[in-house]
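Each remark here refers to the structure printed beneath this line.
Every read-out reported here was derived from the displayed coordinates using simple, explicitly stated rules and does not represent laboratory data. What you are looking at is a predicted structure, and each value in this text was computed from that prediction instead of being measured. Please note: Cβ atoms are built from the backbone with ideal geometry, for glycine as well, and neighbour counts cover all protein chains shown.
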Amino acid sequence: MKPLRIGKYVAKYPLIQGGMGARISAGNLAGHVAKNGGIGIVAAAGIGMNSGHFNGHNYFEADLEAIKDELRKAYAIAPDGIIGVNVMVALSDYAQLVKASIEAGAKVIICGAGLPMSLPELTAHAPDVALVPIASSVRAAQLIARKWHKAYNRLPDAVVVEDPDTAGGHLGEKMEHIGTGQYDQYATVRGIKEFFRSEFNADIPIIAAGGIWDRADLEHALAEGADGVQMASRFVCTEECDAEDGFKQRYLDCTKEDIGLIMSPAGLPGRAILSNQDNIRQHDLDYGITCNQACLKKCSYKETGERFCIVTALDRAQRGDVETGLVFCGSNAWKADRITTVHEIFEELFGEQKKAAATEELKQAA
Ligand SMILES: Cc1cc2nc3c(=O)[nH]c(=O)nc-3n(C[C@H](O)[C@H](O)[C@H](O)COP(=O)(O)O)c2cc1C
């Protein structure tokens, strides 16, 4: 397995830890992933809520303070590591979070939940920061790349291809197209790779995301043409994951049948543990929760009171209230059977490779 080069940065292992919003992946998880040789990602969505900066009235200020804090924490764990952020385009404070992340030293910015058409403009003052859009189709990658090339003379430093049939959280596909068997993850990976080759003569790393759990999945992804993988759900049941224990326990307890699709107030489908769906809306009705912060540019709860407040639902789950909180997860979350460590996961995924490298070093020293 080759190292993963993204822009100016080279990760020892071809693995990005997927951003998980509302502090599921904050500084601790991202720092430990980077320390172990992967790319650690702090998710920006809802990062301020349980940060100590939020006083009930300063949602956006708290977000900016919190993202900087979490990047600092991650760098304290892995001073030379590759640490980045995931900022959803759908967030109201998307541009501010991108800028604050750069200020705090993010090396990689990954953007999904919308097309990050003007990301190079927002980051023009920091050309070394690697820019990575998430796309679920060749068409989405083409739209972004052509715009970036024409308007900013820049191409993505990598593209994450997220499989709507397996990935956790918000999904970049219409509800009725998910799970039909029509989506071909690796045809999309190869299609995007080929598009960059033929149109720009560029070898852009394409990263497969969704449903990658163990070494066999990783090897399959690389054999099918991906340059690396992005894994999120696998990192939830680790000591280092920033969620409270109750959130991790819900992964340990869930069955395959508990996992399914919801329609998010953000207007996108999402994959989550479904068994408490009624409680989520009921909680908002019982407590008269209204939209205080307008955290999303577009949200049915903000506009019409339809569904539920997603950021507070994700935040409750992160704090361990899995009765009324929304537990996002990928389709393989039911496979979690114990709390492990980030190091153990890296050993499992790359252990033999590590041993081979050590033997080679010994041979050369002899
Ligand atoms: C709990 C959870 C929260 C997530 N939050 C985000 C997010 O804030 N932004 C984003 O782009 N993707 C988010 N994702 C998607 C992941 O980054 C990742 O691409 C996807 O889950 C990969 O599939 P896997 O979980 O099967 O590995 C989230 C996933 C999970 C499980």
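The HN-Hα couplings worked out from phi for segment 247-255 by the Karplus form 6.51 cos²θ - 1.76 cosθ + 1.60 (θ = phi - 60°) are 5, 5, 4, 5, 5, 4, 8, 6, 10 Hz, whole numbers, x standing for Gly and Pro. Where the convex hull is taken over the Cα atoms of segment 114-266, what is its projected area averaged over directions, in nm²? Projected over every direction and averaged, the Cα hull of segment 114-266 covers 11.0 nm². Pairs of alpha carbons in segment 117-159 separated by more than 17 Å make up 22% of all such pairs. Under Stokes-Einstein, with the Kirkwood radius over Cα pairs as Rh, the value for segment 38-90 at 37 °C and 0.692 mPa s is 285 µm²/s. Relative to the longest principal axis of the Cα atoms of the chain, helix 342-365 runs at roughly 10 degrees. Net charge in the neighbourhood of SER300 (other residues with Cβ under 13 Å of its Cβ; Lys, Arg +1, Asp, Glu -1) is +2. Qualifying GluC sites (Glu not before Pro) in segment 260-366, where qualification requires a DSSP coil assignment and no more than 13 other C-beta atoms within 10 Å, comprise GLU306. Convex hull volume of the C-alpha atoms in segment 1-141, normalised per residue: 101 Å³. Checking every one of the GluC sites (Glu not before Pro) in segment 140-238 against DSSP loop status and a limit of 10 other Cβ atoms within 10 Å picks out no site at all. Quick check for you: which residues of segment 1-21 have the amide N under 17 Å from the point 7 Å beyond the Cα of ALA202 toward its beta carbon? Backbone N within reach: 5-9. For the Cα atoms of the chain, what angle does the longest principal axis make with the long axis of helix 59-77, in degrees from 0 to 90, nearest 10? Rounded to the nearest ten degrees, it is 30. Once you reduce segment 278-353 and segment 199-236 to the center of their Cα atoms, the two points are 24 Å from each other. Relative to the compact-globule estimate of 2.2 N^0.38 Å, the Cα radius of gyration of segment 247-318 comes out at 1.13. For the pair GLU360 and THR341, the difference between a 0.36 nm per residue extended length and the Cα-Cα distance amounts to 4.2 nm. Annotation: lysines with alpha-carbon distance below 27 angstrom to LYS193 (same-chain offsets under eight excluded): LYS2, LYS8, LYS12, LYS107, LYS147, LYS150, LYS174. Set the Förster distance to 51 Å, then compute FRET efficiency between GLN182 and GLU103 from the Cβ-Cβ distance, nearest 0.05. The pair GLN182/GLU103 has a calculated efficiency of 0.75. Distance from the Cα centroid of segment 67-109 to that of segment 1-28 is 12 Å (rounded to whole angstrom). Relative to its residue count, segment 156-209 spans a Cα convex hull of 86 Å³ per residue. Here is the P(r) of segment 229-366: all C-alpha pair distances, binned every 5 Å from 0, give 2, 10, 16, 18, 15, 11, 9, 5, 4, 3, 3, 2, 1, 0, 0 in whole percents. So how do TYR152, TYR183, TYR251 line up by other beta-carbon neighbours within 10 Å, fewest first? Fewest to most other Cβ atoms nearby, the residues stand as TYR152, TYR183, TYR251. Taking all Cα pairs closer than 8 Å and separated by 6 or more residues, the relative contact order of segment 247-318 comes to 29 percent. Along its three principal directions, the equivalent ellipsoid of the chain from the Cα gyration tensor extends over semi-axes of 30, 23, 21 Å, largest first.
Please check which bits of segment 98-116 a label hung off LEU143 would reach, taking the label as a point 7 Å along Cα-to-C-beta and the cut-off as backbone N under 18 Å. Only 111-116 fall inside the zone, counting backbone N under 18 Å. Principal-axis analysis of the Cα atoms of the chain puts helix 94-103 at an angle of about 50° to the longest axis. Using the Cβ-Cβ distance between ILE289 and ALA223 with R0 set to 30 Å, the FRET efficiency from 1/(1 + (r/R0)^6) comes to roughly 0.05.
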